[in-house]
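A short worksheet on the structure shown next.
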């Protein structure tokens, strides 16, 4: 699956089918995910993959009682090890460890789509209880729990704000991102403009196709 399609089709799945798949698939996903950017190239992320039914339920209860999590065939507890980070970043080690865990988690949710799997990024849980359940050493900290499996639900329309509301050019709040880019585009040579226009048209058609009703 191409990256654009994976991004467009990803959603937070909270209902999973009973269809199983081998843990080797999780291994393949993680092997790809750890190629993500990380602080100092120290690869501080660590993973605990959980498939024991009783343990999944206990983790779900420790995650604000979100029992739907236990439906997923696997839970991936994404952590970071602060040993090497402390050596290089001292007081900032936890900051960079949290970043590493979040970045690799984002990669996991997208790579999962390559295997037709859906995920949910869960950050609401009791760290101490999850650490106890996963038997984490004191230097390893849980940051994200990812549920992963075959979805029992279809992606619903989700509002996403325009980049005009979120992006700015050169400094915060100075001018709308899109308006500034349009002004910059006027300065480009005609050949470059033509290429950008054709690419934009392709992406626009892709977006439109997401909202077209499928024929029965």
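What follows is calculated from the coordinates using simple rules that are stated; it is not laboratory data. None of the values given here were measured: they were computed from a predicted structure. Virtual Cβ from ideal backbone geometry, glycine too; neighbours counted across all protein chains shown.
The three principal axes of the C-alpha atoms in the stretch 51-169 carry coordinate ranges of 50, 44, 26 Å, sorted with the longest axis first. Using C-alpha pairs below 8 Å separated by at least 6 residues, the relative contact order for the stretch 1-160 is 36 percent.
Distance from the alpha carbon centroid of the stretch 125-181 to that of the stretch 1-34 works out to 16 angstrom. Label-to-label distance, residue 18 versus residue 128, with points set 7 angstrom from Cα along the beta-carbon direction: 3.8 nm.
Fully extending the segment from residue 165 to residue 86 would add 24.7 nm, taking 0.36 nm per residue of separation and subtracting the current Cα-Cα distance.
Grab the Cα-Cα distance for residue 25 and residue 153, subtract it from 0.36 nm times how many residues apart they are, and report the gain in nm with one decimal.
On the way: separation 128, 0.36 × 128 = 46.08 nm, distance 2.12 nm.
Between residue 25 and residue 153, full extension yields 44.0 nm more.
If R0 is taken as 25 Å, the Cβ-Cβ distance between residue 179 and residue 5 corresponds to a FRET efficiency of 0.30.
If both residues of a DSSP beta bridge must be in the stretch 3-149, then about 95% of such bridges are antiparallel.
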